[in-house]
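What follows is a single structure, written as structure tokens, with notes after it.
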Amino acid sequence: MNKYSSPVRVAIAGATGYAGQELLGLLARHPEVHLVAAMSSSADSAARPLPRLARTWDGKIEPLDRGRLAKEASFVFLAVPEAAAADIAPALLDAGVKVIDLSGAFRIRDAAQRAKWYPATTLMPGAVAYGLVEHNRSAIENASLIACPGCYPTAALLSLMPLVQAGLVDMSRGLIIDAKSGISGAGRAASDRTHFSENHGSMAAYGVLGHRHVAEMEQELGGEVTFVPHLVPLDRGILETIYVRTTKYATAEAIGECLGRAYQHAPFVRLTGDALPEIKHVAGTNFCDIGWKFEASTQRLILIACLDNLVKGAAGQAVQNFNVMCGFDERTGLR
């Protein structure tokens, strides 16, 4: 396991986006962190304060300076677009800096799939640990580069992976994931799609049969996934309704026991059983709540998973990975 003296020297690239600002707020309060720099995604931007974080951090966002990142930090969090992450990460790794990437640049292991969905990442810079802590802890503990999962895959994989691995899901009958996300999931850049007047009082599907998170889910689950995301008029939060058919071995008791064993020592996964979770239960937290209903006569299992797309789906999960890499309690700075 990596071991670091405290406080750990940490920097952020891309601190002006929604996930970056969330990350900055978490790291500014983290008791084991010395935040040496918070930078934008570009070397051309002027230094500026972030009024939204005035209560927790009184510094300014600086222009991107790759040299300073490599010289002054032991860890760098990349909250930049995937093309920038693919460009910046290798040099940081060569300088001995640990990298936690929130973009999709390094999530996909298959070269053809990566070229299709994240074409900027032509080469993978050595070993990459997929940052789903609850299922990949040992690799994360010794990693130099973490690819944090996407927000949609995080909810889906936490719900499904224990059941798939236990042989309780009939993968031959496919998986259907119907997801709803708050508007912050579309990023901070303004567009017609994210304009208030376009979203208020409405809900819309997008990325149907063409969303890049499908490749990530299928990679980790080993089977076909039908995924339909929707944009809903909320600031933050994701709710996924997941439809599967179980194998003949599945019972209500087996499903509950399987999920219970998987997450008995996972502080940020809360199993709610028949009490189905809601977005308001997880907003502003690093929790993923999972509930379910099972109909034995038809072998239909419906799982409901909720998380905050900016916290457990992005910044909070990144900090959770950082804690595991450094040997800290994974709840540090997240409670």
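FYI, it's all coordinate maths here, none of it is from the lab. Only a predicted model underlies this, so the values are computations on that prediction, with no experimental measurement involved. Please note: Cβ atoms are built from the backbone with ideal geometry, for glycine as well, and neighbour counts cover all protein chains shown.
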Candidates Glu224, Glu295, Glu278: whichever shows maximal mean-square fluctuation once the chain is modelled as a Gaussian network with Cα springs under 10 Å
Glu295
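Given R₀ = 56 Å, what would the calculated FRET efficiency be for Arg68 paired with Tyr249, taking r from the Cβ atoms and rounding to 0.05?
My answer for the efficiency is 0.50.
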Using the alpha-carbon atoms, what tilt in degrees (0 to 90, nearest 10) does helix 82-94 show relative to the longest principal axis of the chain?
60 degrees
Rg (one decimal) and Dmax (whole number) from the Cα set of region 151-309, in Å, equal 15.8, 49
Volume of the Cα convex hull of region 69-154, divided per residue and given in Å³:
90 Å³
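What is the mean projected area of the alpha carbon convex hull for the chain, to one decimal in square nanometres?
Numbers: hull surface 66.6 nm².
Reported value for the Cα convex hull: 16.7 nm².
If each residue's Cβ is checked for other Cβ atoms within 10 Å, how do Thr122, Thr285 rank with the fewest at the top?
Ascending number of Cβ neighbours within 10 Å: Thr122, Thr285.
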Go ahead and collect, in residue order, the members of region 290-322 whose backbone nitrogen is under 17 Å from a label point 7 Å along the Cα-Cβ direction of Thr272.
290-294, 302-313
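Between Thr298 and Ala139, what length in nm is gained on full extension when 0.36 nm per residue of separation is reduced by their alpha carbon distance? Provide the component values of the computation, followed by the final result.
Working: separation 159, 0.36 × 159 = 57.24 nm, distance 3.83 nm.
Full extension from Thr298 to Ala139 adds 53.4 nm.
For the chain, what is the relative contact order in percent, using Cα pairs closer than 8 Å and at least 6 residues apart in sequence?
This gives 18 percent for the chain.
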The chain: most fluctuating residue of Ala205, Ala305, Ala84 per GNM, C-alpha cutoff 10 Å:
Ala205
Suppose R0 equals 30 Å; then what is the FRET efficiency for Ala111 and Gln165 from their Cβ-Cβ distance, rounded to the nearest 0.05?
0.75
Plugging the Cβ-Cβ distance of Asp235 and Arg29 into 1/(1 + (r/R0)^6) at R0 = 22 Å yields, to the nearest 0.05, a FRET efficiency of 0.60
Most exposed first, judged by fewest Cβ atoms within 10 angstrom, Met217, Met39 run Met217, Met39
